[in-house]
Amino acid sequence: QIIRLVQEAQGSKAPIQAVADRVAAVFVPAIIVVALITFGIWWAVGGEFVPAMIRLVAVLVIACPCALGLATPTAIMAGTGKAAERGILFKNSTALEQATNLDTVVLDKTGTITEGKPRVSDVVTLAGFTGDDRELLRVCASVEKGSEHPLGRAIVAHAESEGLTLQPLTEFQATGGAGVQARIDDALVMVGKPGWFEEQNMDLGPAKDNIARLQGEGKTVMVVARDGAICGLVAVSDTIKPDSAEAIRDLHRMNLKVVMLTGDNRQAARKIAADLGIDAIEAEVRPEEKSQRIQTLQEKGGTIGMVGDGINDAPALAQADVGLAIGTGTDVAIETADVILASGSLHGIVRAIGLSRATMRTIRQNLFWAFGYNVLLIPVAAGILYPFENLPMMLRQLHPILAALAMAFSSISVVSNSLRLYRSPDQ
């Protein structure tokens, strides 16, 4: 299902046509027409073929779109090179250009905002359970032994560190994004989100106060039940990365809206969002729903950048206008994303978008000066200054050699402007 969703999202993306191509498509035919008109006028007025031909050649030489052709690739080369120095890999120029237009950045929680190293923080037994906290942990870890989920692995690791011997299980079954169940000593043990138990009409009454308290502390709570009776709770917490709050503030300074996307419960998500200043949350999202949430944000008119690191983030990374993968994440996330951030720091997002904006600003400057240069000097090459006898003859009748020199200077100026990106300060 994950592979299918990735393929569908990737297939829905349309390539972005380069600005220079759109300009050149109109500019080149127009210059040819101008050159022919210039030739016709001067041949008709002067009656001599050679001077008219010299004017035609001067117009073509000075209007040579070398500077226009160099405007985009030189800036992209410099921008992507500078990004690579800072541990940011843009897979293509489309991603570099599109990152400039982002207005919303969606952040996965686990492994992106947080360290991605969950640990057991609380074990709570409820009345009616015959064992103590260690026994509840042992039962929970025995079931989670069959799970590949990071939270399940954290519970198993904690139980093993406590020296507990896990019990053999049978009939293991996982419900994606909800929980797991298995038989231990002929008893059906279930471990999962509170909402999963409510969907099966199981009474969480005795546990609700503890669930609310732990979720209010920003922890992920899993309910443990045996043969339909709620036994207790196991809470898992994940440390927020030290620089996440600062990076989110930087994104706000860039006028970007920040949304957190997580499968965690809404109450815990709200606590983390409040601590970090995140604008909105999408909580209790199942793995297969992540790309749908991104699509919903796009349908509301947003240009979305998705940042993630896990297998279940891959469809959302593909669906987003720009997918940014944390380089410390899974291979499928890195393969799917448009941009790879080598470090696990969210500051990489700020730098990537900053470099994208600087690169596109340089491209626009290059195109402006290249096009402006042509607008100013093509009339000179065509002989518009010829009637002004007080001007130097080199301007009244621009020779093709001087036109070639001016054309070369315009190309040098465009390349020099692009290379300034290498000397730009940290974005």
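Can you say whether K13 is modelled with pLDDT of 80 or more, open to solvent by 70 Å² or more (accessible area, probe 1.4 Å) and among the basic types (K, R), as far as the supplied structure shows?
Criteria not met by K13.
Taking the condition of being in contact with a Ser or Thr (Cβ under 9 Å, 6 or more places away or on another chain), at pLDDT below 85 and open to solvent by 40 Å² or more (accessible area, probe 1.4 Å), how many residues in segment 358-377 meet it?
Result for segment 358-377: 2.
Taking segment 217-237 as the search range and keeping residues that are of a type outside the set (A, V, I, L, M, F, W, C) and open to solvent by less than 30 Å² (accessible area, probe 1.4 Å), which one is modelled with the lowest pLDDT?
Among them, the one singled out is G218.
So that you can scan it fast, the table gives a plain yes or no per residue for (1) within 19 Å of L341 (Cα to Cα); (2) out of contact with any Leu (no Cβ under 7 Å at 6 or more places or on another chain); (3) open to solvent by less than 50 Å² (accessible area, probe 1.4 Å):
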{"site": "K82", "(1), (2), (3)": "yes, no, yes"}
{"site": "N92", "(1), (2), (3)": "yes, yes, no"}
{"site": "A99", "(1), (2), (3)": "yes, yes, yes"}
{"site": "G111", "(1), (2), (3)": "yes, yes, yes"}
{"site": "P118", "(1), (2), (3)": "no, no, yes"}
{"site": "V123", "(1), (2), (3)": "no, no, yes"}
{"site": "E144", "(1), (2), (3)": "no, yes, yes"}
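For segment 88-171, give me every one of the helices (runs of 4 or more DSSP H) that falls completely inside it and has 2 or more residues that are closer than 20 Å to I311 by Cα and among the hydroxyl-bearing types (S, T, Y).
Filter on segment 88-171 gives an empty set.
Which fully enclosed strands (runs of 3 or more DSSP E) of segment 281-399 have 3 or more residues being within 17 Å of A247 (Cβ to Cβ) and not β-branched (V, I, T)?
Those strands (runs of 3 or more DSSP E) span 304-308.
Please specify each residue of segment 362-405 satisfying the condition of being among the basic types (K, R) and without any contact (Cβ under 8 Å) to a residue 40 or more places away in the chain.
Correct list: R396 only.
So G176 fits all but one of (1) surrounded by fewer than 17 Cβ atoms within 10 Å (Cβ to Cβ); (2) in contact with a helix residue (DSSP H, G or I) (Cβ under 8 Å, 6 or more places away or on another chain); (3) within 18 Å of R226 (Cβ to Cβ); (4) in contact (Cβ under 8 Å) with a residue 40 or more places away in the chain; what number is the exception?
Failing condition for G176: (3).
The values are calculated or read from the model by the stated rules, or taken from the named source; none is laboratory data. All values reported here derive from a predicted model rather than from experimental measurement. Because the Cβ atoms are built from the backbone with ideal geometry, glycine has one as well, and the counts that use them run over all protein chains shown. Areas reflect the complete protein model, heavy atoms only, side chains present, ligands, DNA and RNA absent. Shrake-Rupley method; radii C 1.70, N 1.55, O 1.52, S 1.80 Å.
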